[in-house]
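Some notes on the structure that comes next.
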Amino acid sequence: MPRFLAVAKAEVVARVNEAVTTARRLYLPELPGQEMIYMAKETEALRYLSLPEPDLSEYPLLAAEVGLTAPSAHELAQIWANMGALWRQAAAQNVAV
């Protein structure tokens, strides 16, 4: 590949990555460890939803947020599980980015 095409391609990729980063900032806060917390919430939610009668005391993230984001642990777990699925769909559309 000629050098000028390689440089142009790198510049375009950098611009696309910058645009995607800017768009993601609208929905995801840039806080250290935040992605890890979101992943832990989804994991906890999926475990909670997989059981017929889960004990909320075994799910500290859910217990701490019940009443803030949703009125019940089941509803909150459903929100977290759905958000994880939505983020995976969005990420799959931007895999090359």
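The values are calculated or read from the model by the stated rules, or taken from the named source; none is laboratory data. Only a predicted model underlies this, so the values are computations on that prediction, with no experimental measurement involved. Cβ placement follows ideal geometry from the backbone for every residue including glycine, while neighbour counts extend to all protein chains displayed.
Would you call residue 76 in a helix (DSSP H, G or I), at pLDDT 95 or above, surrounded by 15 or more Cβ atoms within 10 Å (Cβ to Cβ) and touching a strand residue (DSSP E or B) at 6+ places or on another chain (Cβ under 7 Å)?
Here the answer is yes, as residue 76 does meet what is asked.
Please verify whether the range 39-47 includes one or more residues that are under 30 Å from residue 17 (Cα atoms), among the polar types (S, T, N, Q), at pLDDT 95 or above and not assigned by TED's automatic domain parsing to the domain that holds residue 16.
So far as the range 39-47 goes, yes, one or more of its residues are under 30 Å from residue 17 (Cα atoms), among the polar types (S, T, N, Q), at pLDDT 95 or above and not assigned by TED's automatic domain parsing to the domain that holds residue 16.
Can you find even one residue in the range 55-64 that is in a loop (DSSP other than H, G, I, E, B), modelled with pLDDT of 85 or more and loosely packed, with under 10 Cβ neighbours inside 10 Å?
There is at least one residue in the range 55-64 that is in a loop (DSSP other than H, G, I, E, B), modelled with pLDDT of 85 or more and loosely packed, with under 10 Cβ neighbours inside 10 Å.
Going by what's in this entry, would residue 15 be described as surrounded by 12 or more Cβ atoms within 10 Å (Cβ to Cβ), among the basic types (Lys, Arg) and in a helix (DSSP H, G or I)?
no
Output the residue which, of all residues in the range 16-31 that are within 18 Å of residue 93 (Cβ to Cβ) and charged (D, E, K, R), is farthest from the chain's Cα centre (by Cα).
Per the criteria, the residue is 18.
Go through (1) β-branched (Val, Ile, Thr); (2) within 14 Å of the chain's Cα centre (by Cα); (3) assigned by TED's automatic domain parsing to the domain that holds residue 87 and name the single condition residue 66 misses.
Among (1) β-branched (Val, Ile, Thr); (2) within 14 Å of the chain's Cα centre (by Cα); (3) assigned by TED's automatic domain parsing to the domain that holds residue 87, residue 66 violates only (2).
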